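Note sheet for the following structure.
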Amino acid sequence: MANPNVEVLYNQIFINNNFVNSVSGKTFQTINPANKTKIIDVAEADKDDVDLAVNAAKTAFQSDSEWRKMDASARGQLMYKLSELIDKHKIHLANLESLDNGKPFSDSLLDIQMAVSTLQYYAGFADKIHGKTIPADGPYFSFTKSQPVGVVGQIIPWNYPILMLAWKWGPALATGCTIVLKPAEQTPLTALHVAALSKEAGFPDGVINVVPGYGPTAGKAIACHQDINKVAFTGSTEVDTKYK
């Protein structure tokens with residue numbers, strides 16, 4: 001059974017490995033759907049905060065950065081360390097997920113375990129991304145090389161908060177991209193806690209950024225940002241059309 005008195009440790013925006021207040025100073029309430037009471041006020045990101053997060057992610061992706069110079073096996077080790085920390089804190093995270101999302105504790109715990117497995121799968125994949133050599137006639141040499149796309153904006157819904165996070169983070173981190181994630185405004189708490197664990201795991205500054213906020217402001221800023229190289233969106237068609 002979920003613990004309704006679970007402590008919320010993180011309620012600020014996570015940029016460049018630091019928790020910060022929003023530029024505007026605004027906050028929004030996250031609500032316990034079981035009884036409609038306020039859990040906590042969370043810093044509300046908007047365009048200015050997304051700009052800061054993208055700049056941090058862009059800097060972390062520069063060719064001379066610690067992240068870009070890191071070999072693939074080391075990236076995988078960081079991801080595996082993050083998965084171990086999530087597993088270590090799984091009871092707290094499952095309680096937090098149930099408090100914020102409303103699903104039964106057993107379902108939340110299963111989601112946490114699946115998130116751990118997802119990150120471990122992609123951790124093992126990190127050093128197995130290979131190019132191909134292609135037969136070519138004459139004095140030609142043909143090959144393909146897989147490269148990270150850059151800064152990835154990620155927008156996830158409320159129904160599987162931590163599992164959706166793992167599905168988005170796993171492939172992006174394994175391939176060497178950097179991340180700006182907007183969790184659903186209804187369920188930001190586990191994403192912020194896992195962001196703190198990513199710092200503990202040893203991810204370099206700027207690789208992972210989490211900007212809780214609303215779709216028309218923070219979400220649209222991610223979707224339309226000129227320095228974001230790819231957007232990974234999971235949500236309704238109605239919300240998607242608002243980002244275009």
**Request:** Quickly run through the stretch 148-159 and pick out the residues that are crowded, with 17+ Cβ neighbours inside 10 Å and without any contact (Cβ under 8 Å) to a residue 60 or more places away in the chain.
**Result:** 158
**Item:** Where residue 110 falls short, out of the listed (1) closer than 29 Å to residue 37 by Cα; (2) surrounded by fewer than 24 Cβ atoms within 10 Å (Cβ to Cβ); (3) in contact (Cβ under 8 Å) with a residue 60 or more places away in the chain
**Value:** (3)
**Asked** Just a yes or no: is a residue in the stretch 130-147 outside any loop (DSSP other than H, G, I, E, B), surrounded by 10 or more Cβ atoms within 10 Å (Cβ to Cβ) and among the basic types (Lys, Arg)?
**Response** no
**Message:** Given (1) surrounded by 16 or more Cβ atoms within 10 Å (Cβ to Cβ); (2) outside any helix (DSSP H, G or I); (3) among the charged types (D, E, K, R), identify the lone condition not met by residue 100.
**Reply:** (2)
**Request:** Name, by its number, the condition in (1) in contact with a Phe, Trp or Tyr (Cβ under 9 Å, 6 or more places away or on another chain); (2) over 22 Å from residue 19 (Cβ atoms) that does not hold for residue 61.
**Result:** (2)
**Request:** Answer yes or no as to whether residue 38 is modelled with pLDDT of 95 or more, more than 26 Å from residue 125 (Cβ to Cβ) and either of a type in the set (A, V, I, L, M, F, W, C) or surrounded by fewer than 20 Cβ atoms within 10 Å (Cβ to Cβ) (or both).
**Result:** yes
**Item:** Inter-residue pairs, beta-carbon under 6 Å, first touching a residue at least 40 places away in the same chain (Cβ under 8 Å) and in the stretch 25-45, second crowded, with 16+ Cβ neighbours inside 10 Å and of a type in the set (Phe, Trp, Tyr), 6+ apart
**Value:** 42/28; 44/28
**Message:** Looking at residue 167 and the list (1) farther than 28 Å from residue 129 by Cβ; (2) surrounded by fewer than 21 Cβ atoms within 10 Å (Cβ to Cβ); (3) under 10 Å from the mean Cα position of the chain (by Cα), which single condition is not satisfied?
**Reply:** (1)
**Message:** Just to be sure before I move on: is residue 170 outside any loop (DSSP other than H, G, I, E, B), touching a Phe, Trp or Tyr at 6+ places or on another chain (Cβ under 7 Å) and more than 23 Å from residue 48 (Cα to Cα) in the structure I sent?
**Reply:** yes
**Asked** Just checking, how many residues over the stretch 222-242 are under 21 Å from residue 167 (Cα atoms), surrounded by 13 or more Cβ atoms within 10 Å (Cβ to Cβ) and at pLDDT below 85?
**Response** 2
**Message:** For the list (1) in contact with a strand residue (DSSP E or B) (Cβ under 9 Å, 6 or more places away or on another chain); (2) surrounded by 15 or more Cβ atoms within 10 Å (Cβ to Cβ); (3) on the phi < 0 side of the Ramachandran plot, I need the number of the one condition that residue 75 fails.
**Reply:** (1)
**Request:** Residues being more than 20 Å from residue 170 (Cβ to Cβ) and not small (Gly, Ala, Ser): count how many of those fall in the stretch 75-106.
**Result:** 10
**Request:** Could you please give the count of residues in the stretch 113-129 that are among the small types (Gly, Ala, Ser) and either buried (at least 20 other Cβ atoms within 10 Å of the Cβ) or over 23 Å from residue 74 (Cα atoms) (or both)?
**Result:** 3
**Complete:** Condition set among the basic types (Lys, Arg) and under 20 Å from residue 8 (Cα atoms), scope the stretch 78-97, selection surrounded by the fewest Cβ atoms within 10 Å (Cβ to Cβ): answer is 88
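Rundown of residues vs (1) charged (D, E, K, R); (2) surrounded by fewer than 18 Cβ atoms within 10 Å (Cβ to Cβ), yes/no style:
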position	(1), (2)
5	no, yes
9	no, yes
13	no, no
42	no, no
48	yes, yes
52	no, no
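The values are calculated or read from the model by the stated rules, or taken from the named source; none is laboratory data. Bear in mind that the values here come from a model prediction, so they are computed numbers and not experimental data. When we count neighbours, we look across all protein chains shown, and the Cβ atoms used for this are built from the backbone with ideal geometry, even at glycine.
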